[in-house]
1. State whether the residues of region 111-130 include one that is free of Cβ contacts under 8 Å to residues at least 24 places away in the same chain and more than 23 Å from residue 64 (Cα to Cα).
2. Residue under question is residue 30, and the condition is that it be more than 15 Å from the chain's Cα centre (by Cα), at pLDDT 95 or above and open to solvent by less than 60 Å² (accessible area, probe 1.4 Å); does it hold?
3. Between residues in region 169-181 that are under 14 Å from residue 151 (Cβ atoms) and residues that are of a type in the set (S, T, N, Q), which pairs lie under 6 Å by C-beta distance while being six or more apart or on different chains?
4. With the condition kept exactly as written, say whether any residue in region 33-42 is surrounded by fewer than 17 Cβ atoms within 10 Å (Cβ to Cβ), touching a residue at least 40 places away in the same chain (Cβ under 8 Å) and not aromatic (Phe, Trp, Tyr).
5. Going through region 167-181 one residue at a time, which ones are more than 14 Å from the chain's Cα centre (by Cα) and crowded, with 18+ Cβ neighbours inside 10 Å?
6. Going through region 56-107 one residue at a time, which ones are surrounded by 16 or more Cβ atoms within 10 Å (Cβ to Cβ) and not in a loop (DSSP other than H, G, I, E, B)?
7. Give me the pairs: first residue in region 82-99 and closer than 15 Å to residue 165 by Cβ, second residue of a type in the set (Ser, Thr, Tyr) and at pLDDT 95 or above, beta-carbon distance under 6 Å, and six or more apart or on different chains, which are they?
Amino acid sequence: MSYGRYYNGNPMTCLDITAHELTHGVTQFTSNLEYERESGAINEGISDIFAVCVENEYKTESEIWKMGEEIVTGGLRDLSNPVCKYYHGNGWVDTNQTPTYNNDYCGVHTNSGILGYWFYLLAHGGTGTNEAGYSYSVSPIGLDYAIQICYLTNAAFLNSNSNYRDARLFTLFAAQCLGYN
């Protein structure tokens, strides 16, 4: 399997990237998130999240959070420590421009870190202080429960133009629908 992109002559076909790309197909036939701006970042984030869950079947938990680490030293993205973890915060790519290939359709791969980090905290837990100076402490619910919330959100509630505000509301609603508090 090859997706037309290569890194140092090697096709981008490791397990997590393959799962990531196949998840784009699922998203296309569920929420059909448009591949630009915030909806595109959510699309990328969902694909990264499912890639983590697939890799979890074959690797230890400490190894699953990086995307494409078998191909690129350090990985392409790290859901446990993304470039952009805070909405409109450090690393955020401006979405108020014309989406093009050259600006990664307004930062879909960078801004996806917000959803990836949300999933990491939900599944793994964590404490810290965000960029706005607010302290947080998240108790983990584990990958199995976290992925149910993510899948239901994508399959039943998101639509082609959903943004991060929608994702926040819909993930909370999905959690309620699944009986989580």
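1. yes
2. On the way: more than 15 Å from the chain's Cα centre (by Cα): yes; at pLDDT 95 or above: yes; open to solvent by less than 60 Å² (accessible area, probe 1.4 Å): yes.
Here the answer is yes, as residue 30 does meet what is asked.
3. 170/153; 171/153; 174/153; 178/148
4. Taking every residue of region 33-42 in turn, none turns out to be surrounded by fewer than 17 Cβ atoms within 10 Å (Cβ to Cβ), touching a residue at least 40 places away in the same chain (Cβ under 8 Å) and not aromatic (Phe, Trp, Tyr).
5. Within region 167-181, the first condition is being more than 14 Å from the chain's Cα centre (by Cα), and the residues that meet it are 169-170, 172-181.
The answer is 170, 174, 175.
6. Of everything in region 56-107, those that are surrounded by 16 or more Cβ atoms within 10 Å (Cβ to Cβ) and not in a loop (DSSP other than H, G, I, E, B) turn out to be 56, 66, 67, 77, 78, 104, 105, 106, 107.
7. These pairs meet every condition: 87/164.
The values are calculated or read from the model by the stated rules, or taken from the named source; none is laboratory data. Remember, predicted model here, so these are calculated numbers, not experimental data. Because the Cβ atoms are built from the backbone with ideal geometry, glycine has one as well, and the counts that use them run over all protein chains shown. Accessible surface is based on the protein model in full, side chains and every heavy atom, while ligands, DNA and RNA are left aside. Shrake-Rupley method; radii C 1.70, N 1.55, O 1.52, S 1.80 Å.
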